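FYI, it's all coordinate maths here, none of it is from the lab. Computed from a prediction, not measured in an experiment: that's the story for all the values here. Using ideal geometry, Cβ is built from the backbone for each residue, glycine included, and neighbour counts are taken over all protein chains shown.
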Amino acid sequence: MFTRITKMSRIGKQLIDLPSGVSVVISDSNVLVKGPKGELSREFHPRVIVTKEGNRLKVQPKPKQRRGDDSAIWGLSRALLFNMVKGVSEGYAKQLEIQGVGYRAQMQGKNLVLFLGFSHEIRFPVPDGIDIKVEGNAIELSGIDKELVGQTAAKIRALRKPEPYKGKGIRYKDEHVRRKVGKKAAATATK
């Protein structure tokens, strides 16, 4: 007879501490997390169970349905739940920088208007749940949903990625852009 070896998830077995002011409502596979910054709701995979034990949350796989990929779903579910708890208590933020002569950004109502060297301005509609502040050449995004903050920052950066010769474009605040030597500089270096 073959016995199935069940894997443990290092991340999945960790408990999640609830900070003060955060409440959790669990109904079947749906979890609602409320905190001082707002509330988030998510439907979790049916092969994991989310339980509340005192002031902690515990995620575990269903006992009779263990499969080979359960540890991945278990760890993912725990990470998503942790991000929800941290989001409603502290929030998430991303900073972007605009570099280039004449490149700038400004807010107009619910739109982020970007001037990025094209013949036209780019109007980026800001999704609900995201706050954007523009100061000079810096753009700061903040919100309670980690996925939404990261995805919105990536979409804004994709409008004009930093190019490798002069470094012009939109980049994350601490992002290092590898620079290439131009054709003229390379030709004079070999002589």
Using θ = phi - 60° and Karplus 6.51 cos²θ - 1.76 cosθ + 1.60, couplings along region 31-38 (whole Hz; Gly, Pro as x): 10, 10, 10, 10, x, x, 8, x
Listed peptides 76-83, 24-31, 94-101 by packing density, highest first (mean Cβ within 10 Å): 76-83, 94-101, 24-31
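Just the Kirkwood number for region 92-172, please: inverse of mean 1/r across all distinct Cα pairs, in Å, one decimal. Working shown, then result.
Details: mean 1/r = 0.0788 Å⁻¹.
About 12.7 Å for region 92-172.
Assign unit charges at the C-beta atoms only (+1 for Lys and Arg, -1 for Asp and Glu), then state the dipole size of region 16-89 relative to its Cα centre in Debye, rounded to the nearest 20.
Using Cβ point charges on Lys, Arg, Asp and Glu, region 16-89 gives about 140 debye.
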Relative contact order %, the chain, counting alpha carbon pairs below 8 Å whose residues are six or more apart: 17 percent
Cα-only radius of gyration and Dmax that characterise the chain, units Å: 22.7, 74
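Please give the FRET efficiency for Leu15 paired with Ala93, using the beta carbon to beta carbon distance and R0 = 25 Å, rounded to the nearest 0.05.
The formula returns an efficiency of 0.45 here.
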Mean separation of Cα contacts under 8 Å, 6 or more apart, over the residue count of region 141-191: relative contact order %: 22 percent
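Using helices alone, I'd like the mean residue ellipticity at 222 nm for the chain: each DSSP H run of four-plus residues gives -39500 (n - 2.57), total over residue count, nearest 500. Could you put the intermediate results ahead of the total?
Details: 3 runs with 41 residues, N = 191.
After summing the helix terms and dividing by residue count, I get -7000 deg cm²/dmol.
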